[in-house]
Each structure stands twice: as C-alpha cells, then as structure tokens.
Amino acid sequence: MNIDGGSGDDLLVLFDHLASAPNVYVFQPDGAGASQFDRNMTLTYVYDGIEQTILGGGKGNDSVEIHATQHLEDLWINAGEGADTLLVDSNGSAAGGTVDGIFGVVTIDGGEGQAGVDELILNDAGAIGDPSLVTVTPTEVTGFGTFFGSGLVQYAGLSQLTIHLGRNND
C-alpha cells in the first residue's frame with residue numbers, strides 16, 4: 001500500500017496492540033526517497049510526506065528495527081507488552097550499520113510497568129570518518145559529527161540501553 005501525505009502536517013498511526021504473537025516491525029528507506037514500514041515482511045506500507053508516524057506494538061516479544069527516518073519525520077514507538085528489542089541501525093541485524101539515517105526525533109516507550117525486559121540498541125559500529133560526540137542522558141541520546149543525521153532518540157521505560165560506537169575516536 002502506498003500513502004502520500006502531500007502538503008501540510010500528516011500523521012500515520014499503526015496500531016498492532018492486540019497482536020499476541022511476536023512480530024518484527026521494520027522502518028527503512030524504500031530506495032526511491034520514501035519510507036517503508038514492514039510487519040513480519042508480509043504487510044508493507046510505503047509512505048512519503050508524513051511528518052509523524054506512531055507504532056503501537058503488540059503483546060508479544062517484538063523486534064523493532066529503525067534503519068532510517070525521513071527528514072523532518074518524527075517516529076514514535078510504543079513497544080507494547082513483552083520483552084522487546086528495539087534496534088536503530090542502517091543495516092538492521094546485519095553487521096556494519098550506522099545511525100546516520102536518523103533525521104527526525106525518534107521517541108521510544110518501552111512500556112514502564114509492563115512485563116518483559118525492553119532493550120534499545122543504537123549501532124553505529126560501521127561508522128567511518130570524523131569522530132562523533134555522543135551525549136547520553138536518562139531520557140535521550142544526541143549526537144554530533146557522524147552520530148545521527150540531524151535527529152536524536154528519546155526513550156523511557158527501557159531496561160537496557162546499548163550503544164555501539166564507530167571506528168573513530170568517538
């Protein structure tokens with residue numbers, strides 16, 4: 001399915017909160033300048049011109065991969081119940097990825113008080129070039145240099161935060 005937000009402020013809401021089986025959600029570029037959302041590689045939405053996207057995850061032990069965001073796109077993830085893994089990495093689970101494709105604000109809510117251990121992984125291990133300055137606070141991770149495009153990640157309700165830095169003097 002293709003969704004074109006056109007002009008103005010647009011919101012795309014993806015609710016999967018009733019799903020009890022584990023799911024894999026992937027946000028990635030579609031290769032033609034738009035974004036693509038996949039659920040278990042069987043349900044696909046290609047979207048463009050959307051300023052804010054919200055995912056309400058299911059009850060299972062889900063995996064959310066964020067490969068990139070569009071410029072000025074804010075992405076909100078509510079992981080839902082279960083022990084969820086949230087990965088920000090241009091290559092997904094493959095080696096050599098970066099977080100350079102994050103150009104908006106990514107907000108992740110692991111679900112405080114919900115059962116399960118939720119982990120956020122920011123993988124910039126494939127980064128080369130200038131060193132990055134990364135700032136971590138109890139609620140957000142920001143970067144300067146090659147860490148993130150022009151975006152940042154805000155978070156709450158997580159059990160673990162893991163950051164893999166690049167090959168520079170980060």
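Provide the per-residue ³J(HN,Hα) series for the range 32-40, in order, calculated from phi with Karplus coefficients 6.51, -1.76, 1.60 and θ = phi - 60°, each as a whole number of Hz, with x at glycine and proline positions.
My calculation for the range 32-40 gives 10, x, 9, 10, 9, 10, 10, 10, 6 Hz in order.
Run the numbers on the range 42-159 and let me know its relative contact order in percent, using alpha-carbon pairs under 8 Å that are six or more apart.
Values: 299 pairs, mean separation 28.5, N = 118.
Relative contact order here is 24 percent.
Hey, what's the chain come to in accessible area per residue, 1.4 Å probe, Å²?
48
For M41 paired with L133, estimate the spin-label separation in nm (one decimal), with each label point 7 Å from Cα along the Cα-to-Cβ line.
Rounded to a tenth, the inter-label distance reads 4.1 nm.
Quick one: Cα centre-to-centre distance for the range 124-150 and the range 1-49, in angstrom?
Between the Cα centre of the range 124-150 and that of the range 1-49, the gap is 25 Å.
Between (1) 1.25; (2) 0.95; (3) 1.06, which entry matches Rg/Rh (Cα atoms, Kirkwood Rh) as derived from the coordinates of this structure?
Recomputing Rg/Rh (Cα atoms, Kirkwood Rh) here gives the entry labelled (2).
Evaluate Rg over Rh across the range 94-163, taking Cα atoms for both radii and Kirkwood's formula for Rh.
Numbers: Rg = 12.6 Å, Rh = 12.7 Å.
Ratio of gyration radius to Kirkwood radius: 0.99.
Over the range 1-44, with a single point scatterer placed on each C-alpha, what log10 of the ratio I(q)/I(0) does the Debye formula yield at q = 0.25, 0.29 1/Å?
-1.06, -1.23
The values are calculated or read from the model by the stated rules, or taken from the named source; none is laboratory data. As the structure is a prediction and not an experimental result, all values here were calculated from the model. Neighbour counts are summed over all protein chains in view; Cβ atoms, including those assigned to glycine, are modelled from backbone coordinates with ideal geometry. We work out accessible area using only protein heavy atoms, side chains counted, and drop any ligands, DNA or RNA first. Shrake-Rupley method; radii C 1.70, N 1.55, O 1.52, S 1.80 Å.
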